1. I want to confirm something. Restricting to the stretch 137-172 and keeping residues that are among the charged types (D, E, K, R) and in a loop (DSSP other than H, G, I, E, B), which single residue is surrounded by the fewest Cβ atoms within 10 Å (Cβ to Cβ)?
2. From Asp136, Asp105, grab the single residue that is under 15 Å from Gln165 (Cβ atoms) and acidic (Asp, Glu).
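FYI, it's all coordinate maths here, none of it is from the lab. Not measured: the values here are computed from a predicted model. Don't worry about glycine lacking a Cβ; one is built from the backbone with ideal geometry, like all the others, and counts go over all protein chains shown.
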Amino acid sequence: MLCRRLGSRGFQTVEAANGREALDAVRRAPFDLVLCDIMMPEVDGYEVLRQLKADQNLQSLPVIMVSAIDETAEVVRCIEMGAEDYLHKPYDPVLLHARVNACLDKKRLRDQEVAYLRAVAALTRAAELVERGEFDPKLLAPVVARGDDLGQLARVFDRMAREVQAREQRHKDDVRHLTRIEFDAAEVAREVARVTASAAFEKAARLAAAARARRLGEPSPTTETVLLHKLK
């Protein structure tokens, strides 16, 4: 009867024959609301409610307890255990839809709040990574896609972070380029020193000095003169 009434209002429903099937179903697929009878075979409604609220992944799932037991103590017990609401059998259609809609609206707001807090956490994490020079644009992609003020802030931050990242990369490239130039200059200096220290270079220097002296009409230079010219 519940499935028919909720289906006529456009809700998609899944029916479980007992508490164990219900627990298996909510662990296999995401649901927005559970209507749980108290009296069920194998696992009763109290145990289903207890396990749902003990599971970190399911404890935020709203549960409306359903029962023919019309006792305040039972209602209080269910609410204390974490149930969102309580419905008596037989169901009043207007009351049923009102409470289902109220629970779904509350869950929708809760989901939006959780998503907002996660987006803020992602933005904070992105700021930390920028400071450490490890910014990853993929981290902000879900936040940038938001259409609210937080999304606008994320888009501005993302653009600034990319600019900072690009400047840092250019700086690293410049440092590598300068290091390469310094390395090349040092290599050239070592090669020059190796060549000038060779016997062949000294002989060539003496011959060049003698040729210059003959051209200028000067006496041939001594070895010391050649070495002095080399040092100059």
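1. Ranking the qualifying residues of the stretch 137-172, first place goes to Asp148.
2. Asp136
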